[in-house]
There are 2 protein chains.
Amino acid sequence: MRLTMRLAERSYDIIIKKGSLHHVGQLVNLNRKVLIVTDRGVPAQYVHTFAQQCHAPFVQVVEQGEHSKSVSVWQTLLETMMKLGFGRGDAVAAVGGGMVGDLAGFAAASYMRGIDFINIPTTTLAQIDSSIGGKTAVNLGKTKNIVGAFWQPRLVLIDPETLDTLSPRLYAAGLAEALKAGLLADSELVRIFEEEDCKEYIEQIIYRSLIVKKNIVERDERETGDRAALNLGHTLGHGIESATSLQEEGHLYHGECVALGMIPMLETAELREQVKAICRRLGLPLEVQYDRQLALEAMRHDKKAQSGMIRIVKVPKAGQFRLDKVPFEQVEAVLLGKAEEIPAPKKEKAE
Amino acid sequence: MRLTMRLAERSYDIIIKKGSLHHVGQLVNLNRKVLIVTDRGVPAQYVHTFAQQCHAPFVQVVEQGEHSKSVSVWQTLLETMMKLGFGRGDAVAAVGGGMVGDLAGFAAASYMRGIDFINIPTTTLAQIDSSIGGKTAVNLGKTKNIVGAFWQPRLVLIDPETLDTLSPRLYAAGLAEALKAGLLADSELVRIFEEEDCKEYIEQIIYRSLIVKKNIVERDERETGDRAALNLGHTLGHGIESATSLQEEGHLYHGECVALGMIPMLETAELREQVKAICRRLGLPLEVQYDRQLALEAMRHDKKAQSGMIRIVKVPKAGQFRLDKVPFEQVEAVLLGKAEEIPAPKKEKAE
């Protein structure tokens with residue numbers, strides 16, 4: 001399957017096909033220097049399969065984990081390219097999850113004011129969500145994604161076969177972003193999660209999720225409006241992620257936190273029960289212990305919280321969303337277990 | 001005078017007006033946090049005049065000189081903004097020369113994937129050339145501008161009164177880029193340099209230079225074609241700049257090197273004499289001692305030199321240019337004093 005992201009002169013193709021990792025050279029020019037960025041968690045066979053197709057591949061393996069998404073690792077990538085004599089016509093490629101994509105993407109965005117970026121995501125989360133949309137970034141201290149650029153890739157190559165080596169838990173965590181996409185704008189995708197075998201339907205799930213994201217990003221590349229819908233579940237989710245990341249045990253994956261953060265944004269009890277059943281089916285956790293005050297603190301520092309009000313994304317029914325500004329106390333009540341949902345505003349806004 | 005740079009959704013105004021530094025708030029929203037980046041060489045009164053108009057100004061003074069255009073200083077700016085709680089709606093402003101503009105511009109380009117940038121150039125070089133065009137960058141080691149972004153400012157405010165405190169030599173060096181603009185596409189500007197008092201005509205000179213640059217940048221924002229014309233004099237110039245920067249004495253300014261680098265690109269002896277006379281009138285040096293082998297080395301490492309051929313910009317007559325690819329030996333011969341000019345190619349290309 002092929003999707004084309006249409007963004008004026010920066011349009012690009014997204015390929016979703018089992019086994020496509022073996023044929024990247026047919027889709028994009030690899031007859032040049034390519035800096036391949038990956039991390040220690042990515043099976044070496046994927047990097048090898050891709051590197052073999054490049055005329056002049058240089059592999060840079062970074063440590064696994066969020067701490068590699070730093071200014072200093074990014075600087076190392078730039079210095080490597082400089083020493084290897086990379087020019088404007090050369091390219092950076094990411095083979096791995098979202099961390100590798102964000103890091104390599106920002107290196108491509110800023111080397112000589114921008115060179116080609118090829119993104120080859122190998123996790124469900126990255127294939128479903130983070131590999132498209134053009135957001136690249138690194139962290140500064142504990143602040144995530146504060147330094148970066150909007151930089152569209154030249155090609156996104158999604159080979160679902162690379163998911164075979166993923167742990168079941170990480171596999172399921174990534175699916176939460178697909179469930180999010182379905183809740184926002186594709187009720188058929190929600191049905192697939194309810195009734196079908198996800199592994200069997202994985203190409204379909206990725207494709208449908210990317211269609212949702214693509215439609216929203218094409219309308220609003222730089223997140224000045226509707227693109228904020230993609231943050232469904234992320235406001236609470238980031239708070240939970242922050243709080244659990246400090247725990248010795250019980251660390252949660254991003255997708256798991258997003259799933260937890262989505263449920264109170266669903267506006268009917270019926271939809272909440274339906275989504276909880278899907279989470280159980282996928283193996284996404286519903287009962288999690290964490291310091292709720294810490295999560296609240298993290299949310300208060302969140303850039304979305306301003307002057308007592310907070311912007312959130314609500315889902316009145318599967319496949320529809322609404323952007324709302326609500327008092328921070330309503331989110332607090334949900335987090336502290338005093339409420340199950342954030343009430344719909346009295347005066348309805350346009351969807 | 002007002003110029004509008006038309007670049008789709010990133011269009012912006014360039015204001016050229018004596019005394020305009022006192023009225024920035026009428027032209028752009030200053031009712032927010034503004035990080036004002038400047039260097040020790042910029043008279044404090046300019047920063048003060050601007051800061052007074054901002055609702056929440058934060059001044060960051062960096063050391064003078066190219067070494068401040070580094071990843072580490074850039075990172076300091078980002079950390080400062082983060083600590084001060086800068087959001088997407090806040091802004092970065094540069095008050096100073098090209099170094100400050102490049103550095104602050106890249107900080108604005110990369111903070112939260114891009115926030116507003118206000119450029120207030122205070123040198124002839126920056127007012128005539130570097131403040132417009134959207135190129136931002138820092139250096140990595142000795143390699144100039146290797147890390148950066150194309151990021152258009154929200155406003156460029158040019159107040160020629162800020163030039164009053166500039167040393168005569170620095171003032172003249174910046175005019176070399178205006179002379180370049182005239183040679184490329186405005187013969188009337190060349191006439192002004194020949195016959196008029198430059199200080200008296202400075203607004204006119206800046207305006208005409210920017211018109212030339214604007215027309216070229218609008219056609220080719222990302223330098224895939226004609227924008228390369230703006231490199232007239234820069235191929236040889238960079239070599240000379242590199243060689244002289246290593247000397248204990250006799251360091252040259254960028255504009256002085258560009259002037260020296262332009263002359264052999266003029267295709268008639270008459271035009272070369274005319275331009276030399278202008279250089280003498282402006283006080284730009286024509287006889288300079290430097291290690292020519294060092295300059296050659298620097299040029300060979302230049303990204304423009306590939307496979308024995310080098311891209312240069314030639315001027316057949318004042319106000320016209322042509323992009324050429326010539327054997328590196330022709331440039332070498334000029335640099336070593338074995339030839340006065342680079343011969344026109346036998347087969348004429350389209351202008």
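Quick note: the coordinates plus some simple rules give every number you see, no bench work behind them. Being a predicted model, the structure only gives us computed values, none of them experimental. Because the Cβ atoms are built from the backbone with ideal geometry, glycine has one as well, and the counts that use them run over all protein chains shown.
Can you give the FRET efficiency to the nearest 0.05 for B:R191 and B:H48, using r as the Cβ-Cβ distance and R₀ = 41 Å?
Values: r = 39 Å, r/R0 = 0.94.
Efficiency computed from Cβ-Cβ geometry: 0.60.
Using only alpha carbon pairs under 8 Å that are at least six residues apart, calculate the relative contact order of chain B and give it in whole percent. Mind showing how you got there, number by number?
Numbers: 672 pairs, mean separation 48.4, N = 351.
Relative contact order for chain B comes out at 14 percent.
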How many nanometers, to one decimal and shortest first, lie between the label point of B:Q26 and those of its other copies, if labels sit 7 Å from Cα toward Cβ? 6.4
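Around A:A243, under 12 Å between beta carbons, what's the net of Lys plus Arg minus Asp minus Glu among the other residues?
Details: positive: A:R292; negative: A:E241, A:D291, A:E297.
Spelling it out: positives minus negatives among the neighbours equals -2.
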Specify the angular offset, from 0 to 90 degrees and rounded to the nearest 10, of the alpha carbon long axis of helix A:71-83 from the longest principal axis of the alpha carbons in chain A. 20 degrees
Could you quickly flag the chain A residue whose beta carbon comes closest to the rotation axis taking A to B, and that distance in whole angstrom? A:A149, 3
Helix axis angle, A:168-185 relative to chain A longest principal axis, alpha carbon, degrees: 70 degrees
Two decimals is fine: what is log10 I(q)/I(0) at q = 0.14, 0.20, 0.21, 0.29 Å⁻¹ for segment B:72-134, from a Debye sum with one equal scatterer on every Cα and no solvent? -0.37, -0.71, -0.77, -1.20
Obtain the radius of gyration and the Kirkwood radius of segment A:205-351 from its C-alpha atoms and give Rg over Rh. 0.95
How large is the translational diffusion coefficient of segment B:1-158 in µm² per second when you combine the Kirkwood radius over alpha carbon pairs with Stokes-Einstein at 25 °C and 0.890 mPa s? 161 µm²/s
Label points for B:K144 built 7 Å along Cα→Cβ; distances to same position in the other copies, nm, shortest first, come to 4.0
Exceeding 22 Å between C-alpha atoms, which entries from my cross-link table qualify? They are B:K180/B:K214; A:K69/B:K83; A:K276/A:K338; B:K33/B:K83; B:K276/B:K314; A:K144/A:K314. A:K144/A:K314
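In nm², what is the average projected area of the convex hull enclosing the Cα atoms of the protein assembly as shown?
Computed as one quarter of the Cα hull surface, the answer is 31.4 nm².
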Run through the other copies and list how far each one's label point is from that of B:T76, in nm with one decimal, shortest first; the point sits 7 Å from Cα along Cα-Cβ. 2.5
Using Cβ contacts closer than 10 Å as the measure, can you line up B:D102, B:D220, A:D164, A:D90 from fewest to most? A:D164, B:D220, A:D90, B:D102
Using the Cβ atoms and a cut-off under 9 Å, what net charge is assigned to the surroundings of B:I115, where Lys and Arg are +1 and Asp and Glu are -1? 0
How big is the shadow of the Cα convex hull of segment A:28-113, averaged over all directions, in nm²? 5.1 nm²
What nm value, rounded to one decimal, do you get for the distance between B:V326 and B:A56 when each label is placed 7 Å out toward the C-beta? 5.5 nm
What order, most packed first, do the peptides A:124-132, B:279-287 have when packing is the mean number of other Cβ atoms within 10 Å of each residue? A:124-132, B:279-287
Gap separating the Cα centres of segment A:6-48 and segment A:80-132, nearest whole Å: 10 Å
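Need one value for B:145-153: mean number of C-beta atoms belonging to other chains within 10 Å of its residues' C-beta atoms. Present the calculation step by step, with values, prior to reporting the outcome.
Numbers: counts 2, 9, 10, 6, 7, 3, 2, 0, 0.
Neighbouring Cβ atoms belonging to other protein chains average 4 per residue here.
Count charges around A:R32 for me, please; just the other residues with Cβ under 12 Å from its Cβ, Lys/Arg as +1, Asp/Glu as -1.
Numbers: positive: A:K33, A:R88, A:R154; negative: A:D90, A:D116.
Every neighbour counted, the sum reads +1.
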Rg(Cα) / (2.2 N^0.38 Å) computed for chain B, rounded to two decimals: 0.97
Rounded to the nearest 0.05, FRET efficiency between A:R2 and B:E63 (Cβ-Cβ, R0 56 Å) equals 0.60
For B:K325, give me every one of the aspartates and glutamates with a C-alpha distance below 17 angstrom, ignoring sequence neighbours fewer than eight places off in its own chain. B:E223, B:D226, B:E267, B:D302, B:E341, B:E348, B:E351
Along segment A:11-17, what does the Karplus equation 6.51 cos²θ - 1.76 cosθ + 1.60 (θ = phi - 60°) give for ³J(HN,Hα), rounded to whole Hz, x for Gly and Pro? 5, 7, 9, 10, 9, 10, 7
How far is helix A:98-110 tilted, in degrees, relative to the longest principal axis of the Cα atoms in chain A, given as a value from 0 to 90 rounded to the nearest 10? 60 degrees
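Mean shadow of segment B:125-237, computed from the convex hull of its alpha carbons, in nm²? Provide the component values of the computation, followed by the final result.
Working: hull surface 31.6 nm².
Orientation-averaged projected area of the Cα hull: 7.9 nm².
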How high is the relative contact order of segment B:217-335, in percent, with contacts defined as C-alpha pairs under 8 Å that are six or more residues apart? 28 percent
